[in-house]
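Since the structure comes first, as structure tokens, the remarks are kept for the end.
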Amino acid sequence: MTHVPSSVVIIGGGVGGVGTAAALRAGGFAGELTLVEAAEVPYDRPPLSKAYLAGEQDLADIALQPPDWYDDQGVRLVTGETVTALRPDERLVELSTGRTLAADTLVLATGGHAARPPLPGVDSPLVHVLRDHDEADRLRSALVLGARLLVVGGGLIGAEAASTAAELGVEVTLIDPAPIPLELAVGAEVGAWLHARHAEHGISTKQAALVSIEDKGTVVLATIQDDPEPLEFDAVLLGVGMRPETTLAETIGLEVDRGIIVDAEQRTSHPWVLAVGDATRRRSNGVLRPRAEHWEAAQHDGQRAAATLLGTAQPTPTAPWFWTDRHGLHIESVGHMNEATDRVLRGTPGDGPFSAWGLRDGTVVAAVSVDDPNAVRAARRMIDRGVTVSATALADVSTDLKHLLRTSR
Ligand SMILES: Cc1cc2nc3c(=O)[nH]c(=O)nc-3n(C[C@H](O)[C@H](O)[C@H](O)COP(=O)(O)OP(=O)(O)OC[C@H]3O[C@@H](n4cnc5c(N)ncnc54)[C@H](O)[C@@H]3O)c2cc1C
């Protein structure tokens, strides 16, 4: 029988940490539950490159839970303080104010930071990153009508922020060294089609890397690979990935390798500590997986951590999923497109909703949809059940996906 802890402290109030707290209470955890978050309030990050950056939402709008939720759920919320040290032998965590909290079990949900590549000039105050709400606030104040913004990186966050900035009347240049940003995640056809939408919205795109930045006080000069002359911008946004926050884990000797290593039940290498979300990497079947870095994955980690602590059945695994929005398009993706040997297009890009499916020997392994979330929902069921489909039937938009799901094996 599992020994259910009498007190749990969760460090980090992103979707991973709050999701763990919610899943623990939903699963019947009756012990003491404390959530420590460095920011003023536990908040959600996806809006930071979308409606929040556009100025359509404020911090209260993107709070992960309403203020009463914590009292209602019996979650002791400690905000505006960071955990600065862990004392595993005494089962204590130290806060920045000098206070300590006792914890039978600890859940690290510390997320990460936006990466800054080690290039000359990237520490200039005119060079922005986007992970936290204060970084979004600073970037937003630079997005004034007619400002010239260089976005470095055409992946999820770079593309979303570029789209939001263009909508605000900012003159955006987007560079990425990859010929098709997001190709691995969504496949070449959809990746190229999505990237081409930037130009339609007045964004100038270029396949190139940033070489250096020179801060000129109110503007920067950006040297871009293969450009003879540096270009002048009012601001730069680096959208080049994240760095997991593993400091606390490292100080107590947890196994860390570009993420806190966890098993399928979110256990770390120390029996006192579980870890969830963007700060982690899973080892499964002896293989270290890449960090998931998506909202739903962090939430599912929280559900798994809660099941582990409560000794209840683990949730049924499901194919990884994420969404992203740009230029008024809603994109969803499920599965692993890079594992597909064949890709099938359902619908016509540019002519209403469409989806692209990845098959491997006829079995559905991935799908990505533009304005067609039902397609991805159906694809997820097919991936989870290992369904084999006819590519011809799939490509025919008159084929009902539910029917296809029922009649395929
Ligand atoms: C701009 C942006 C847009 C995104 N858009 C999408 C999207 O459209 N779709 C999608 O699927 N995913 C999206 N994501 C990814 C998604 O937001 C993350 O996967 C998710 O936030 C991960 O949750 P987390 O709880 O692991 O980490 P985080 O959300 O990073 O939360 C970690 C929290 O821990 C706190 N913390 C860290 N150390 C300490 C400490 N020592 N003491 C106290 N508190 C601490 C931090 O303050 C932070 O709030 C986006 C991310 C960003 C940044």
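The values are calculated or read from the model by the stated rules, or taken from the named source; none is laboratory data. As the structure is a prediction and not an experimental result, all values here were calculated from the model. Backbone-built Cβ (ideal geometry, glycine too); neighbour counts: all protein chains shown. The area values use the complete protein model at the heavy-atom level, side chains included, leaving out ligands, DNA and RNA. Shrake-Rupley method; radii C 1.70, N 1.55, O 1.52, S 1.80 Å.
Each residue, H270 and H403, gets one label point 7 Å from its Cα in the Cβ direction; the gap between the two is 5.8 nm.
Annotation for A391 and H336: the two label points, set 7 Å from Cα along the Cα-Cβ direction, are 2.1 nm apart. When both bridge partners sit in the chain, DSSP labels roughly 55% of those beta bridges antiparallel. Dipole size in debye (nearest 20) for the chain around its Cα centre, Lys and Arg Cβ +1, Asp and Glu Cβ -1? So the magnitude is around 1380 debye. Residues of the range 103-127 with an amide N closer than 16 Å to a point placed 7 Å from the Cα of V219 along the Cα-to-Cβ direction: 126-127.
Across the range 184-316 the C-alpha pair distances fall into 10 Å bins from zero in the proportions 10, 27, 23, 22, 15, 3, 0 percent.
For the range 30-108, what log10 I(q)/I(0) values come out of the Debye formula at q = 0.14, 0.24 1/Å, with one point per alpha carbon and no solvent? For the range 30-108, the Cα-only Debye profile gives -0.57, -1.12.
Going 7 Å from the Cα of L168 in the Cα-to-Cβ direction, what parts of the range 207-234 have a backbone nitrogen less than 14 Å from that spot? Of the residues in the range 207-234, 234 have backbone N under 14 Å from the label point off L168. Under 11 Å from a point placed 7 Å out from the Cα of E189 along the Cα-to-Cβ direction: which residues of the range 315-348 have their backbone N that close? It comes to 342-348, nothing else.
Orientation-averaged projection of the range 78-214 equals 11.5 nm² [convex hull of Cα atoms, one quarter of hull surface area].
Solvent-accessible surface (1.4 Å probe) assigned to H270 amounts to roughly 40 Å².
Projecting label points 7 angstrom from Cα along Cα→Cβ for T348 and E56 puts them 2.9 nm apart.
Volume of the convex hull of the chain (Cα atoms only), normalised per residue: 158 Å³.
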